[in-house]
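Presented below is the structure to which this report refers.
The values are calculated or read from the model by the stated rules, or taken from the named source; none is laboratory data. Only a predicted model underlies this, so the values are computations on that prediction, with no experimental measurement involved. Here the Cβ positions follow ideal geometry from the backbone for every residue, glycine too, while neighbour counts run over all protein chains shown.
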Amino acid sequence: MEKWDGSPGLPHTVWDEPFHRVLERLGRGISGEQAMAHLVAAIRETYEETGVFLAEQEGGGIQEIGLKRFGLEERRFRDLLLKQPTRLQSSRFSPWAHWITPEAMSVRFDTRFYLALHPEGQVCLPDEMETTQGLWIRPSDGVLENHEARIPLSPPALVTLQELSVFKNLEELRCRAWDKGWGPPRLPKAVKSPWGPMLIMPWDPQYCSEGLAHMLGRRPPEYLAPLEPFSRLIQRDGVWRPVVT
């Protein structure tokens, strides 16, 4: 997040649903100021990195206005909001998961993952700096592409696509999991093993066990088939893959 995300000076009427509803859906355990800052950052970063603007504006196509008048490279998101009547589409967002980088890592992040519905008529245009490539892909296909090392995914992305792959379509997702809340923070445990770096997820049965690193070194890990439920990942040749518990 940037400093402005936490104090954008936007009126409550800028949202496309009542402001109390925004905080009720997207807060859940965090303060109203934090909920708004996370959401503003999500909308801004999505716009800056992909060209997709999750908002409505008067006077023309939303993406056309953003790209032609301001340009992705200028990063003038604040101007885009304040110089023309805009309604930010918080209703397109749903909280999904709260991830925290393992304690053993030298650089750590505290990140919230949203689901967002893509606006009709807008085109994803990666900025080729922070987002170097973009494509549409089914969650299950993304998991398979990671397994084949064609699209290496970060652990949170791999877990997220694995979770989304169980839903048959968007309607089922919205019925069963939309607005489910953040849930407890996901803080994987980083473990060194003779076979490579490993991550133990909080839902692993031995997550709290002492001497876990010693136990993991007893035998080579056995890879799981793609899309099978998992609670452990091992990194080999730059790719994270699930292994048997």
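Within the range 222-245, how many residues turn out to be under 13 Å from Leu158 (Cα atoms) and of a type in the set (S, T, N, Q)?
Going through the range 222-245 one residue at a time, the tally reaches 2.
Counting only residues that are in contact (Cβ under 8 Å) with a residue 60 or more places away in the chain and surrounded by 14 or more Cβ atoms within 10 Å (Cβ to Cβ), how many does the range 2-29 have?
11
Go through (1) over 29 Å from Ser106 (Cα atoms); (2) surrounded by 18 or more Cβ atoms within 10 Å (Cβ to Cβ) for Leu144 and report which single condition fails.
Against the list (1) over 29 Å from Ser106 (Cα atoms); (2) surrounded by 18 or more Cβ atoms within 10 Å (Cβ to Cβ), Leu144 comes up short only on (2).
I'm checking my understanding of the structure. Among residues of the range 70-113 that are within 19 Å of Pro18 (Cβ to Cβ) and in a strand (DSSP E or B), which one is modelled with the lowest pLDDT?
Among those that are within 19 Å of Pro18 (Cβ to Cβ) and in a strand (DSSP E or B), it is Thr86.
Just to be sure I understand, how many residues within the range 109-155 are of a type in the set (S, T, N, Q) and in contact with a helix residue (DSSP H, G or I) (Cβ under 8 Å, 6 or more places away or on another chain)?
5
Could you identify the single residue in Gln133, Gln122 that is at pLDDT below 95 and either farther than 23 Å from Ser94 by Cα or under 18 Å from the mean Cα position of the chain (by Cα) (or both)?
Step by step, each of Gln133, Gln122 is checked, and only Gln133 is at pLDDT below 95 and either farther than 23 Å from Ser94 by Cα or under 18 Å from the mean Cα position of the chain (by Cα) (or both).
Among the residues of the range 179-225, count how many are assigned to a loop (DSSP other than H, G, I, E, B) and under 21 Å from the mean Cα position of the chain (by Cα).
Going through the range 179-225 one residue at a time, the tally reaches 12.
Find the residue count for the range 1-13, including only residues that are more than 24 Å from Thr111 (Cβ to Cβ) and part of a helix (DSSP H, G or I).
Looking only at that region, the number is 2.
Just to check your reading of the model, which residue among Ser165, Ser209 is more than 18 Å from Pro102 (Cβ to Cβ) and among the hydroxyl-bearing types (Ser, Thr, Tyr)?
Ser165
So Val191 ticks every box in (1) among the aliphatic types (A, V, I, L, M); (2) exposed (fewer than 14 other Cβ atoms within 10 Å of the Cβ); (3) within 30 Å of Ser106 (Cβ to Cβ) but one. Which box is left unticked?
Here Val191 meets the rest and fails (2).
With within 19 Å of the chain's Cα centre (by Cα), closer than 28 Å to Leu224 by Cα and of a type in the set (Val, Ile, Thr) as the only criterion, which of Val166, Val107 stands out?
Residue meeting the stated conditions: Val166.
Looking at (1) touching a strand residue (DSSP E or B) at 6+ places or on another chain (Cβ under 8 Å); (2) within 29 Å of Ser106 (Cα to Cα); (3) exposed (fewer than 13 other Cβ atoms within 10 Å of the Cβ), can you tell me which one Glu228 breaks?
In the conditions (1) touching a strand residue (DSSP E or B) at 6+ places or on another chain (Cβ under 8 Å); (2) within 29 Å of Ser106 (Cα to Cα); (3) exposed (fewer than 13 other Cβ atoms within 10 Å of the Cβ), Glu228 misses (2) alone.
Scan the range 169-190 residue by residue and report those that are of a type outside the set (Gly, Ala, Ser), farther than 26 Å from Gly27 by Cβ and in contact (Cβ under 8 Å) with a residue 60 or more places away in the chain.
The answer is Lys189, and nothing else.
Across the range 89-106, what is the total count of residues that are of a type in the set (S, T, N, Q) and closer than 18 Å to Thr46 by Cβ?
The qualifying residues number 4.
Examine the range 83-105 for a residue that is surrounded by fewer than 18 Cβ atoms within 10 Å (Cβ to Cβ), free of Cβ contacts under 8 Å to residues at least 60 places away in the same chain and touching an Asp or Glu at 6+ places or on another chain (Cβ under 6 Å), and state whether such a residue exists.
Checking the range 83-105: at least one residue is surrounded by fewer than 18 Cβ atoms within 10 Å (Cβ to Cβ), free of Cβ contacts under 8 Å to residues at least 60 places away in the same chain and touching an Asp or Glu at 6+ places or on another chain (Cβ under 6 Å).
Ile43: of a type in the set (Val, Ile, Thr) and either at pLDDT below 85 or surrounded by fewer than 18 Cβ atoms within 10 Å (Cβ to Cβ) (or both), yes or no?
no
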